1. Considering only DSSP beta bridges where both residues belong to the protein assembly as shown, give the percentage that are antiparallel (nearest 5).
2. Averaged over all directions, how much area does the convex hull of the C-alpha atoms of segment A:16-127 cover when projected, in nm²?
3. Out of the DSSP beta bridges found with both residues in chain B, what percent are antiparallel (nearest 5)?
4. Tell me, what HN-Hα J-couplings in whole Hz come from the Karplus equation 6.51 cos²θ - 1.76 cosθ + 1.60 at θ = phi - 60° for each residue of segment B:19-24, using x for Gly and Pro?
5. If you wrap a convex hull around the alpha carbons of segment B:136-414, what volume per residue comes out, as a whole number of Å³?
6. Might you report the magnitude of the Cβ-based charge dipole of chain B about its Cα centre, with Lys and Arg at +1 and Asp and Glu at -1, to the nearest 20 debye?
7. Take chain B, connect every pair of alpha-carbon atoms lying under 10 Å apart with a spring to form a Gaussian network, then pick out the residue of B:49, B:242, B:74 with the largest mean-square fluctuation.
8. Ordered by residue, what ³J(HN,Hα) values in Hz, to whole numbers, does segment A:297-309 give under the Karplus form 6.51 cos²θ - 1.76 cosθ + 1.60, where θ = phi - 60° and Gly and Pro are x?
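Derivation of every value follows stated rules applied to the coordinates shown; laboratory data play no part. Bear in mind the structure is a predicted one, so any value in this text is a computation, not a measurement. Every residue, glycine as well, gets a Cβ built from its backbone with ideal geometry; the counts of neighbours run over all protein chains shown.
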Protein chains: 2
Amino acid sequence: MSADRIHSTYRIETAHPLEEAAAVMAGEQSSGTFIAVPGETDALRERFGARIESIHEEDRVDAPSLPGSRQPAGRSLRRALVTLSFPVDNIGPSLPNLMTMVAGNLFELSPFSGMRLLDIELPDSFAREFPGPAFGISGTRKLAGVSDRPILGTIVKPSVGLSPDETASLARTLAEAGLDFIKDDELIANPPYSPLKERVRCVMRILRDHADRTGKLVMYAFNITDEPDAMLRHHDTVREAGGSCVMVSMISAGLSAVAHLRRHASLPIHGHRNGWGMLARHPLAGMEYAAFQKLFRLAGADHFHVNGLRNKFCEEDASVIRSAQTCLQPFAGTPPVMPVFSSGQSASQAPDTYAALQSVDLMYICGGGILGHPDGVAAGVQSLREAWEAAVAGVPLETYARERPALARALQTFQRT
Amino acid sequence: MSADRIHSTYRIETAHPLEEAAAVMAGEQSSGTFIAVPGETDALRERFGARIESIHEEDRVDAPSLPGSRQPAGRSLRRALVTLSFPVDNIGPSLPNLMTMVAGNLFELSPFSGMRLLDIELPDSFAREFPGPAFGISGTRKLAGVSDRPILGTIVKPSVGLSPDETASLARTLAEAGLDFIKDDELIANPPYSPLKERVRCVMRILRDHADRTGKLVMYAFNITDEPDAMLRHHDTVREAGGSCVMVSMISAGLSAVAHLRRHASLPIHGHRNGWGMLARHPLAGMEYAAFQKLFRLAGADHFHVNGLRNKFCEEDASVIRSAQTCLQPFAGTPPVMPVFSSGQSASQAPDTYAALQSVDLMYICGGGILGHPDGVAAGVQSLREAWEAAVAGVPLETYARERPALARALQTFQRT
């Protein structure tokens, strides 16, 4: 990595010569190489121009992946990986302007019938200018009191409609069942029927009492998504009530609002990615989670939703694992962050998740996989602990379940292969 | 419009029965109708559940538009418009949470091989809780001193690399040529080579001098995109130097950061949409500009980039016009906002733009269409004024150009049909 350049890698699809296509991208996002403008000197281009660092051709396709492009007729469409680099001084240390540079006006360029931002790399010295995660994996583990296995959690359901007292009552049941982590649904933040302040008061009274009795403070991620200054107030409400986590809908709040919160916060930020489908659903448009996660890691989120294996949504398992791996990797001097597995998760996915990730540094969030256990919530939690013990020990779940009824019943109930 | 419900309309593609598919969307985004959960009572569903307001079947297609869905085999895929409604009290008056409700986790639902948010409608009483545009069309016209024609403008180029003095020198040329409006490129905000404070000082000295001589203060949209509180400081820098506009990269900064700025601002907010291709490039994914524009109008942006007719990007003219029309329409009691036409614009697109829009309430931004005029920048500006006069009068450009050399030369140089 050059000490003073930002790298961004894209998958493109074009019928134009690849060198030409990449040069259009570089020009559009820096000094406009291909349209002569008064004042655009060679010296200016040399200092500020984006460079094409590499082009790797991939496969060829017959039909354009996205409509609207203008391509030379009669040529086949080629896909390729293109890496550009930009001088850090083109933007200076500003997160939204970093995003504009690597993920701005280039997705609509007419020579392309596909373009997706795959990844970014930054010099450590540049990344140090951004807040970054304050807790990451190690800080979260310390607060949650869980050291050698995944942090096991669930989501309060129904998503909307429960009063603060009803939420607290459910939190009591979940805490007593032995869960490490509980989170609000992304659809409840600060509505009239459950004002955040009131919900925090009711829930934290229960969880603090539970901690006094057991020594374990269950981590509850209160959804504080709101305008920037309101998030700071909500954060303080949670902190003053003795809470240990806040949750933010990253896309809805926005990159710079997360950074604003992080500069003020003293609690881990649980990053929910609702809306992600808009950015990622088409494989030749938008961006990969690697790039997204890095931008929001720089902003300071500590936990990142990554979906889960055999999930209820459209995402393939390979993509889920790629997302989780990128969370666990170091990035420009920032600490690794917690991938959060959820959606249709139960005991049955633990071995494959561990096999793919070779790590227990994750949050494992189950709804039905805990609440739907036929022997109750505590048995649901027990089945998850046992499933992860088996996964780490390399023992098949069925074998491990022989002497363990909670796991055995979970496998009967939730098996998803 | 019901006084207490939010409406959102989607285009979907699915092989499932349409009623069932719409019910999955409604359930996912509210009380989770289709997965029984303890505590989910009929009363809760009645009060908080999303309703299906309408379903209109459109065409059928053979192949799924997006990969990853789980669809019943052997059935054709149907496209349909689906309108849902949600109680305003599910979220309360919070802009990012409104976004999570109408554009959150539903785009990845597995029964769908296509889903795009097309539009939203809100009760006026609910919209009044958000900042909304402070200037809109009428306030912008007053500040720019342009009443009966489009506001004519250009972008400082090269996009990156000019020093504050070089920018100011270019601004002098553009102001003397008679332009109403100048904007920074989205790639320059507050970089080390042109700190915003210094650029504002240099440019505003020139523009204020010009105003003292001519009575006309050219509106310059300084790009203040940054973290939330930094944007407030940058705004004040512009205001204190006598500037009359600030620009924000809406997607990079984020919805809530724009609202944060608006609550503090006393200058119009010029909304740049770089990154829009990520949200919109595939016609069955992401969102339409109508919905995007309404969310950011509620946040308080006054001007909205909409691309332009016969533009250099992938967007069709019909889509550009739809975007502009939605800016000009009233929305939930908020004032109409300025559509900003740009990208490959010159005198030649004026008649078609006017014919489609039946309005001169727009900003018309030309780069090459002004700077590339063979008789100089002033002739470029003159050609645009003449083209718009002809458009409004219903006189063909060629006819109008007979006695008007600036327009005639522009048509020879820039004709794009």
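1. Values: 54 of 103 bridges.
So the antiparallel bridges amount to about 50 percent of the total.
2. Average projection, Cα convex hull of segment A:16-127: 7.9 nm².
3. Numbers: 26 of 51 bridges.
About 50 percent, rounded to the nearest 5.
4. Values, residue by residue: 4, 5, 4, 5, 5, 5 Hz.
5. In segment B:136-414, the Cα hull volume divided by residue count equals 120 Å³.
6. So the magnitude is around 800 debye.
7. Largest GNM mean-square fluctuation: B:74.
8. 5, 4, 5, x, 5, 9, 10, 10, 4, 10, 6, x, 5
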